[in-house]
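As structure tokens, the structure follows; a few thoughts come after it.
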Amino acid sequence: KGWITEKIFDCFYTGTIPIYWGEPEIEQVIPPNCFVDMRRFSGYDELATYLRGLSSKEIEAYRENARSFLESSAFYPFSKEAFAEIFCRIIAEDTGLPVGRFA
């Protein structure tokens, strides 16, 4: 609970539709139309049936939704720029020295 790792974003970047079984509140951060939520299924058999039944159009919709998310401002907190800003702020606070644009 509380952790969202790079793995789901790696799937988005490569055009792979992630089957997600992680952070319980993922839908508050990432739109549910970007991934397949394993918790929606009673088990692997039901999941496999769902995946086999996806049309080409539905598969492309997942991919497009993921690409749109990556291009949105909602993705920014997970970006390398946001990650770098955290470290720049810490360095600036700890040293009192100007670091990047956070000084």
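The values are calculated or read from the model by the stated rules, or taken from the named source; none is laboratory data. Computed from a predicted model, the values in this text were never measured in an experiment. Neighbour counts are summed over all protein chains in view; Cβ atoms, including those assigned to glycine, are modelled from backbone coordinates with ideal geometry. Surface accessibility is based on the protein's heavy atoms, side chains included, excluding ligands, DNA and RNA. Shrake-Rupley method; radii C 1.70, N 1.55, O 1.52, S 1.80 Å.
Between residue 94 and residue 67, the simple spin-label model (points 7 angstrom out along Cα→Cβ) gives 4.0 nm. Residue-wise HN-Hα couplings along region 77-82, as the Karplus relation 6.51 cos²θ - 1.76 cosθ + 1.60 with θ = phi - 60° gives them from phi, are x, 9, 7, 5, 5, 5 Hz; Gly and Pro carry x.
Think of the chain as having a plus end and a minus end, set by charges on the Cβ of Lys, Arg, Asp and Glu; of 76, 98, 33, 33 sits farthest toward the positive end of this dipole.
How much accessible area per residue does region 1-96 have, in Å², with a 1.4 Å probe? Per-residue value: 69 Å². Taking Lys and Arg as +1 and Asp and Glu as -1, the other residues whose beta-carbon sits under 12 Å from that of residue 50 total -2.
Going by Cα centres, region 45-71 and region 16-41 are how many Å apart? The distance from the Cα centre of region 45-71 to that of region 16-41 comes to 11 Å. Per-residue ellipticity at 222 nm computed for the chain from its helices equals -15500 deg cm²/dmol, with DSSP H segments shorter than 4 residues left out and the rest contributing -39,500 (n - 2.57).
The order of 72, 79 by accessible area, most exposed first and with a 1.4 Å probe, is 72, 79.
Element breakdown for region 14-103 at a 1.4 angstrom probe: carbon and sulfur atoms account for 57% of the accessible area.
Electrostatic bookkeeping for residue 40 treats Lys and Arg as +1 and Asp and Glu as -1; over the other residues with beta carbon under 14 Å from its beta carbon, the sum is -3.
Net charge in the neighbourhood of residue 1 (other residues with Cβ under 10 Å of its Cβ; Lys, Arg +1, Asp, Glu -1) is -2. Backbone geometry of region 12-24 corresponds, through the Karplus equation with coefficients 6.51, -1.76 and 1.60 at θ = phi - 60°, to 3J(HN,Hα) couplings of 4, 5, 8, x, 8, 8, x, 9, 9, 8, x, 2, x Hz, x marking Gly and Pro. Our estimate of slack between residue 40 and residue 52, defined as 0.36 nm per intervening residue step minus the Cα-Cα distance, is 2.8 nm. For the chain, a simple Cβ point-charge model (Lys and Arg +1, Asp and Glu -1, everything else neutral) yields a dipole of about 120 debye relative to the Cα centre. Within the set (i) 14.6, 49; (ii) 17.6, 58; (iii) 12.1, 36, the number that Rg and Dmax of the Cα atoms in Å takes when calculated for this structure is listed as (ii).
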